[in-house]
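The structure appears below as structure tokens.
Coordinate-derived values only; no laboratory data. None of these values were measured; they are calculated from a predicted model. Methodologically, a virtual Cβ is constructed for each residue, glycine included, from the backbone with ideal geometry; neighbour enumeration extends over all protein chains shown.
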Amino acid sequence: MSTALRHWEQACARSPALRLLDVHLRGIGQVMFQNHPLSGLLFLAALVWGAAAADAWPVLFGGLLGLVAGTLTAYGLRADAANLAAGLYGYNALLVGLALPTFLEPSALLWFYVLLGGAVSVVGTLGTAQVTGTFRVAALTFPFVLVTWLLLLATYGFAGLQGAALPYASQVAPVDPAATDPLDLAAFAGGVLQSISQVFLKGDAVAALLLLAGLAVGSIAAAVWGLVGALVAVVTAHALGAESDLVSAGLFGFSPVLTAIALGAVFHAADAPRARVIGYALLGTVFTVVAQGALNVLLTPFGIPTLTAPFVLVTWLFLLPHAPAASGNDGG
């Protein structure tokens with residue numbers, strides 16, 4: 001532990017307000033498996049930059065509102081103190097809060113929806129952990145995916161919530177070969193960086209660099225695997241003939257980025273030999289791109305986004321054969 005982090009933790013032990021801030025920062029960091037307040041601060045900076053660049057302040061507000069709602073719900077439910085201190089009840093709530101204003105129009109009911117989703121995501125995290133703990137795998141972002149899917153689908157049945165980004169889709173159209181043109185260098189680099197920033201539902205290169213910096217603070221290996229995951233995702237998606245605009249926007253890469261970090265830098269990081277771990281993580285990352293394409297097609301008739309479901313399904317698939325011991329850093 002660094003001297004600065006030790007001083008910070010000592011200050012948090014003396015101040016309940018700082019301790020609460022620390023829990024929230026760690027909750028932000030856990031979206032990408034980082035149990036470190038500075039990682040969370042840099043991730044928060046990426047969110048602020050992304051909101052400013054896209055004039056998407058409701059998305060930032062929703063994310064923070066969901067994070068606070070989730071953290072306070074965890075306190076109210078007397079959740080495990082160690083997991084709470086590590087931010088493990090905040091990251092799903094943050095993602096719910098970011099997703100809902102991304103797809104729905106701002107309104108008073110939307111903020112109620114965010115509060116509801118943030119709170120319920122904690123219940124979902126506790127419940128999912130009970131089930132997945134039996135198999136010694138983490139809950140990951142499954143609570144975020146499930147809660148957000150239900151909330152978005154419900155808007156079709158309620159007049160008070162609307163979202164132009166959620167149109168009904170009556171059929172799945174095949175990809176037009178003309179939409180799979182080769183990526184030039186700028187589009188390729190943009191696809192790599194936006195694959196990283198889209199983990200937080202942001203399409204911004206500067207935000208991606210801040211996220212990589214936050215990863216490096218917590219784990220150099222996580223930063224390397226995040227970048228590798230983005231590169232592999234862009235190459236794989238384009239080689240398979242995905243729509244070029246989707247690839248360059250990072251929409252085939254954010255789940256593979258999380259899979260790469262999870263398999264390469266978190267759950268199998270201590271395994272040997274390293275060549276096997278690298279190959280296993282790369283295999284999972286490539287397959288996450290396929291899962292992304294499959295879920296894009298599967299969910300089109302429902303008019304809802306895949307979110308991080310490809311990451312969750314593939315990571316569970318690749319963790320189950322080894323069932324690593326539960327880790328205190330099991331966010332993402």
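Report the Cα-based extents of the range 61-157 along its three principal axes, largest first, to the nearest Å.
Extents along the principal axes, in whole Å: 38, 23, 17.
For the range 106-136 and the range 42-88, what is the separation of their Cα centres, given in Å?
When both Cα centres are located, 13 Å separates them.
Taking all pairs of distinct Cα atoms, average 1/r, flip it, and tell me the Kirkwood hydrodynamic radius of the range 196-259 in Å to one decimal place. Spell out each step's value before the answer.
On the way: mean 1/r = 0.0860 Å⁻¹.
Over the range 196-259, the inverse of the mean reciprocal pair distance is 11.6 Å.
For the range 175-325, state the average projected area of the convex hull of the C-alpha atoms over all orientations, rounded to one decimal in nm².
Working: hull surface 36.4 nm².
Averaged projected hull area, Cα only: 9.1 nm².
Choose one answer from ALA205, ALA56, ALA275: the residue with the largest mean-square fluctuation in a GNM of the chain with alpha-carbon springs under 10 Å.
The residue that fluctuates most here is ALA275.
Please list log₁₀ I(q)/I(0) at q = 0.14, 0.19 Å⁻¹ for the range 214-296, using the Debye equation with identical point scatterers on the alpha-carbon positions.
Taken in order of the listed q values, log10 I(q)/I(0) reads -0.43, -0.74.
What's the extension gain from TYR75 to ALA4 if we count 0.36 nm per residue and subtract their Cα-Cα distance?
Values: separation 71, 0.36 × 71 = 25.56 nm, distance 2.70 nm.
Answer, rounded to one decimal: 22.9 nm.
What are the ³J(HN,Hα) couplings of the range 244-253, residue after residue, when phi is run through the Karplus curve with 6.51, -1.76, 1.60 and θ = phi - 60°? Round to Hz, x for glycine and proline.
Computed from phi, the couplings for the range 244-253 are 4, 5, 5, 5, 5, 8, x, 7, 9, x Hz.
How do ARG78, ARG26, ARG19 line up, fewest other C-beta atoms within 10 Å first?
Values: ARG78 8, ARG26 26, ARG19 15.
With the fewest neighbours first, ARG78, ARG26, ARG19 line up as ARG78, ARG19, ARG26.
What number results when the radius of gyration of the range 58-101, computed over Cα atoms, is divided by 2.2 N^0.38 Å?
Compactness ratio reported: 1.12.
How fast does the chain diffuse by Stokes-Einstein, in µm²/s, taking the Kirkwood radius from C-alpha pairs at 37 °C and 0.692 mPa s? Intermediate values should be presented prior to the final figure.
Numbers: Rh = 19.7 Å.
D, rounded to a whole number, is 166 µm²/s.
To the nearest 500 deg cm²/dmol, what mean residue ellipticity at 222 nm is calculated for the chain from DSSP H runs of n ≥ 4 alone, each contributing -39,500 (n - 2.57), summed and divided by the residues?
Numbers: 15 runs with 219 residues, N = 332.
Only helices count here, giving -21500 deg cm²/dmol.
Sort TYR280, TYR89, TYR113 so that the residue with the fewest other Cβ atoms within 10 Å of its own Cβ comes first and the one with the most comes last.
On the way: TYR280 17, TYR89 31, TYR113 25.
Ordered from fewest to most neighbouring Cβ atoms within 10 Å, TYR280, TYR89, TYR113 come out as TYR280, TYR113, TYR89.
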